[in-house]
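S.K.: Dropping a structure here in structure tokens format, bear with me for questions.
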Amino acid sequence: MTVFSVLKNEDSGSQVALEAIESFPGLGILARNVLHETIRSVAHEIEQMQRQATRFRQHLLWEASALIPAALLLAILFTVVIARPIHQLDQAIKSLGAGIFDRPITVSGPYDLADLGRRLNWLRIRLIELEEQKTFFMHHISHELKTPLTNIREGVALLSQDVVGRLNVEQQEIANIVCANSLDLQRLIENLLSVSLARAASPIADPREIDLDGLVREIADRHKLYARSNDVTLDLDLNGEVLCTDLDRLTTILDNLLSNAIKFTAMRSRVRVITGRIDGDVYVEVQDEGCGIPPEDRERVFELFFQGDHPGAGHIRGSGIGLYIAREYARALEGRLQVLASEKGARLQLRLPGPRSKSSGQMESPLSGAGVEG
């Protein structure tokens, strides 16, 4: 029976009740002992939990330390397996965009990326076939056009020579117009052939030493009659430069530059041709006194079939081929063709690597101008 039951059922003066009352101090001691034991047990549990937390935290730190090299290994693996084939695809697409078809496209990596590389290589082969078909078509159509054109020119020449009878003034004028247009048509056909050659322009295969002064004078002589008909004076300022490069391509570049300058300069004006050296490079500048090239068109004039808004002398409109061919040939010769700023007219400069034996750094000479009059 509990102390509570005894005190509830017994009289307060009974012996049993007195004994129950005397047991209260012992209960207090027991209660304090229980409290102390409880506090000690809780403290022990807390200490155990702190030690477990410390061990767990150390375990997490070790795992995190182990994950760092694992992450590096995964990054390297990603670079090798994914980034490398993506870079290969990027280079392949850039090559196709630049018209470089001689390099087979191979992509190593996951199956999907490798398959994409095979499809790009198929596209490269197809583009090569199309380029060959285009070149064949241009050569074929040019050949087919040259035959009747030759007959027209020969017929006009016979008429102009009075082989079939003397022509009156009006008939002679018509014959001259037909002859001039046949020459223009022949030049356009030859330019079309040159475009296909310029697209496939290879580096210099057989360089030779070239007297630049003599070449410029020779080309100027070719255009002397055309310049004279437009009352244009050719002013040559030559400084005795020598080049080691491809003669045919350099001739084509200079011929196109000079013919364009004469065509687009003003009537009764000058076209200047200047040679010299800049930082070891040999340069040729051709400057006219026409309407010039707007700053926004200084790069566009080298695009295929681009024609500016300003007609040349006699309202002749260009074909948009000559400067394209000139720049492609300049690149093939490891040089640079560009439009320079000019206060009057157009000023184009061709720069080519000069002979290494000569000193570099000589700047432009003044326009002393021993002229060749057209």
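The values are calculated or read from the model by the stated rules, or taken from the named source; none is laboratory data. The shown structure was predicted, so the numbers you read here are calculated from the model rather than taken from an experiment. Note that each Cβ is placed from the backbone with ideal geometry, even for glycine, and that neighbours are counted across all protein chains shown. Remember, those area values only see protein heavy atoms, side chains included, never the ligands or the DNA or RNA. Shrake-Rupley method; radii C 1.70, N 1.55, O 1.52, S 1.80 Å.
S.K.: Cα to Cα, under 15 Å, and not fewer than 8 places away if on the same chain: which aspartates and glutamates meet these conditions relative to residue 146?
M.R.: The qualifying aspartates and glutamates are 154, 184, 190.
S.K.: If we sort 102-113, 230-241, 336-347 on the protection proxy, mean other Cβ atoms within 10 Å, highest first, what's the order? Before the final figure, lay out the partial values.
M.R.: On the way: 102-113: 13.4, 230-241: 18.3, 336-347: 15.8.
The most tightly packed comes first, giving 230-241, 336-347, 102-113.
S.K.: Please report, in debye to the nearest 20, how large the charge dipole of segment 54-147 is about its Cα centre when each Lys and Arg carries +1 at its beta carbon and each Asp and Glu carries -1 there.
M.R.: 300
S.K.: If you average the alpha carbon positions of segment 93-154 and of segment 205-265, how far apart do those two centres end up, in angstrom?
M.R.: 33
S.K.: As an exercise, identify the trypsin sites (Lys or Arg not before Pro) in segment 207-305 lying in DSSP coil whose Cβ has no more than 16 other Cβ atoms within 10 Å.
M.R.: Working: sites: 208, 217, 222, 224, 228, 249, 263, 268, 270, 272, 277, 298, 300; in loops: 268, 298.
Answer by residue number: 268, 298.
S.K.: Name all residues of segment 140-163 having a backbone nitrogen under 15 Å from the label point set 7 Å from the Cα of residue 184 along its Cα→Cβ direction, giving them as ranges.
M.R.: Counting only backbone N, you get no residues.
S.K.: Where a ≥ b ≥ c are the square roots of the eigenvalues of the C-alpha gyration tensor, would you call segment 219-260 rounded, which needs a/c under 1.5, or, failing that, prolate if a/b is larger than b/c, or oblate? Write down the numbers at each step before the final one.
M.R.: On the way: a/c = 3.19, a/b = 1.67, b/c = 1.91.
It is oblate, given that a/c is not under 1.5 and a/b is not larger than b/c.
S.K.: Next question, about the same structure. Taking all protein chains together and a probe of 1.4 Å, list 49, 267 from the most accessible to the least accessible. Working shown, then result.
M.R.: On the way: 49 125, 267 85 Å².
Putting 49, 267 in descending order of accessible area: 49, 267.
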